[in-house]
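The values are calculated or read from the model by the stated rules, or taken from the named source; none is laboratory data. Quantities reported herein were computed from a predicted structural model and do not represent experimental measurements. Please note: Cβ atoms are built from the backbone with ideal geometry, for glycine as well, and neighbour counts cover all protein chains shown.
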Amino acid sequence: MNMDRDELMTLILDHYESPRNSGEIENADAFHEGGNPGCGDIIKMYLKINDKNIVEDVKFEGEGCILSQAGASMMTENVMGKTIEKIEKMGPEAITDIIGTDLALTRPKCATLGLMTIKIAIKQWNRKKLLES
Ligand code: FES
């Protein structure tokens, strides 16, 4: 996505002030509370995954800096409707494609907190499924 700095800041602020997919999912299939130990900011990710391994719903709750919360909101939009396989292959470009590498590199832990929390939730979900099979 090619945005100038003002457009990018407007987008980030919009996600921070009006987070997409905000809230909790009761009986979520996958859940993880991720945090950035350096600052104490947190993201709780809830995912509903159907029997075709597609993310049917995703919500998050969190507290923290603008970039971590906006990044988490963006990542919920990004993974909604995707297969687990696709999400497992997602790397930092999932967020840098939106906010650009310059900004992401200045605050990598903030920028990727949402994505990493989703990936850990899925890893744990996979492990649980394996243990149950
Ligand atoms: Fe804590 Fe950004 S300062 S996640």
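Below, the figures for the structure above:
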| read-out | value |
| --- | --- |
| Test: residue in the stretch 20-36 that is within 13 Å of the ligand (Cβ to nearest atom), at pLDDT below 95 and either part of a helix (DSSP H, G or I) or touching a helix residue (DSSP H, G or I) at 6+ places or on another chain (Cβ under 9 Å) (or both) | yes |
| Helices (runs of 4 or more DSSP H) fully within the stretch 72-133 counting 2 or more residues that are of a type in the set (S, T, N, Q) | 101-106, 108-132 |
| Checklist (1) surrounded by 16 or more Cβ atoms within 10 Å (Cβ to Cβ); (2) closer than 29 Å to M3 by Cβ applied to T101, failing item | (1) |
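Conditions (1) in contact (Cβ under 8 Å) with a residue 12 or more places away in the chain; (2) surrounded by fewer than 20 Cβ atoms within 10 Å (Cβ to Cβ); (3) in contact with a helix residue (DSSP H, G or I) (Cβ under 9 Å, 6 or more places away or on another chain), marked per residue:
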position: S68; (1), (2), (3): yes, no, yes
position: T76; (1), (2), (3): yes, no, yes
position: K86; (1), (2), (3): no, yes, yes
position: I95; (1), (2), (3): yes, no, yes
position: L105; (1), (2), (3): no, yes, yes
position: P108; (1), (2), (3): yes, yes, no
position: A121; (1), (2), (3): yes, no, no
position: W125; (1), (2), (3): yes, yes, yes
